[in-house]
Amino acid sequence: MYEGEHDERRDDGAPEDGTRDDSTGDDSTGEDGARDDGRRRGAVAAAAADVRPLDGFTVGVTAARRAEELGALLERRGAQVVHAPALRIVPLSDDAELLAATKDLLDRAPDVVIATTAIGFRGWVEAAEGWGLGEALLARLGAVDLLARGPKVKGAIRAAGLTEKWSPASESLAEVLDRLLEEGVRGLRVAIQLHGEPLPGFVESLRAGGAEVVGVPVYRWMPPADIGPVDRLLDAAVGHGLDAVTFTSAPAASSLLRRAEERGMRDELLHALRHDVLPACVGPVTALPLEAHEVTTYQPERFRLGPLVQLLCRELPHRTRPLTVAGRRVELRGQAVLVDGVLRPVPPAGMALLRALARRPGWVVSRADLLRALPGAGRDEHAVETAMARLRGALGAPKLIQTVVKRGYRLALDPRLGAKYGDG
C-alpha cells in the first residue's frame, strides 16, 4: 500500500456523530444507528483494502523495448494497458555509416568513449564481430576512458570483458556532460554511441569546450510497421478512453506527436495531455518533445520503469475526487467507479453520463445536455434513458442517481453537504 492511501480510503465522508444519512431510507438512530454506521465503515475499509492503486484506470504504453515488462508492472497494479509502440528499432549492423565510424575510431584512437545504452553497445560489438573487427574494437575500447551512462550499459560493458572508468549515479547524460566539461575536454577526441537520435545539445556543448566529437549511430528509430495501434491510442487519448500515457524515449514522444499531426489531431492530443491524460515520462530527456509544446509532464526521481509505475500509482488516484452520494462514497476512476470501496466497471456511455453529472454534483443536468455528452448518440434523447439504466445497473446502487421529472437527472448528493444543491 502506498503512502497516504490507507487514510484516504477510510475517509468515507460520514459524520463524526455516527448518525445515518437520511437519503439511505433508514430511520435508525442512537445506538442502532451508530452500530449500523460502524458496520458500513468497516465494510468500506475492508473493500478498499482489496482495491489496487490502478484499478479502473487505462494506461497507454508507447515503448518499443521492454513494453511487455512495463505492461506487466502496470497490470499487476490493476491498470488496463493499451500497447501502441510509437516506433521500432532498426539495427544498423549492415549500415555503411556505422562501419565507417568504427573504422575511423580504430584508425584514430579516441580519448573518451561514452556508451549510452546496453542494447546499443551490444549491437555495436556484434556488428564489429560480423565485419571481422570485433577484437580490434574491444582492444581499442579497453585502452580509452570508457564512460557508461547507467547500470545496464555498465553490465553490457563488463559482459564484453571491459571495465568502465565511471558511471553517473543519476543515470543521466547531463551528469556525464557536466563531469567532462568540469575536467576539461579541450583537445580531446570524444566518441559517443548514439541511441536512436542525434544529441545536438550534448554534442554542441562538448565542441564548444574544444573537443572533437564522433557520433556512433548503432541503431535508428523508425515509424512502427503497423500504425493501427498508434491510431487507436490517439483516438482513446482524445476520446476520454485513456487516463495516462507512458513514454520511455524522446523519439516515441516525437513519433506520437508527428502521427497526430498527420491525422490533423495534434491540437486535440495536446489539449488532452494538458488537461485529461497524464503524460508520464521516464526522465527529463524523454519529456523534451512534449514540454516543447507546453505539456507539463510527470517524471519519477529515478529514471527506471519501477519508479515510473509507482508514480502512476500515486498520481492517478490522487486526481480523482471522492463524493458522498446517497450515503455512499463514490470515486470516479477512468473507466470504473468505486462505490464504498467496491470497483464497479462502467461502459463508456455510462462513464460519459456520470462525468457530466459529477461536474456539478447535486445539480440537475438536462437530458439534452446529457445527450451531448454521450459519444455518437445522435439526437434521440431515448439514448440517454437507455444509457442511464445501464449505468445504474453497473453501479449496483440505483439511488445514486435521481430522476427529476421533466427536467433530467442529478447525483443524489449527501444533503448534509449543503441545501444549495437541492434543485440546481
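The values are calculated or read from the model by the stated rules, or taken from the named source; none is laboratory data. All values reported here derive from a predicted model rather than from experimental measurement. No Cβ is skipped: glycine too gets one built from the backbone with ideal geometry, and neighbour counts run over all protein chains shown. Just the protein is used for accessible areas: all its heavy atoms, side chains included, with ligands, DNA and RNA removed. Shrake-Rupley method; radii C 1.70, N 1.55, O 1.52, S 1.80 Å.
On the basis of the beta-carbon distance and an R0 of 30 Å, residue 90 and residue 302 show a calculated FRET efficiency of 0.55.
For residue 245, the residues 5 or more places off, or on other chains, whose built amide H falls under 5 Å of its own are 60, 278, 280.
Listed by chain and number, the lysines placed with their C-alpha closer than 29 angstrom to that of residue 103 are 152, 154, 165; residues fewer than eight positions away on the same chain are left out.
For a quick check of your reading of the filter: which GluC sites (Glu not before Pro) in the range 229-297 sit in a DSSP loop and have no more than 11 other Cβ atoms within 10 Å? Write out the running numbers ahead of the final one.
Values: sites: 261, 262, 268, 291, 294; in loops: 294.
The qualifying sites are 294.
Under the rule a/c < 1.5 gives rounded, and otherwise a/b versus b/c splits prolate from oblate, where does the range 209-336 land using the Cα gyration tensor? Since a/c reaches 1.5 and a/b is larger than b/c, the shape of the range 209-336 is classed as prolate.
Under a 5 Å amide H cut-off, with hydrogens placed 1.01 Å from N, residue 218 pairs with 194, 196 among residues at least 5 apart or on other chains. Using the 1.4 Å probe convention, the accessible area of the range 228-353 works out to 40 Å² per residue with neighbouring protein chains retained. With a cut-off of 20 Å on the backbone N, the residues of the range 135-164 near the modelled label site 7 Å out from residue 129 along Cα-Cβ are 135-143, 152-164.
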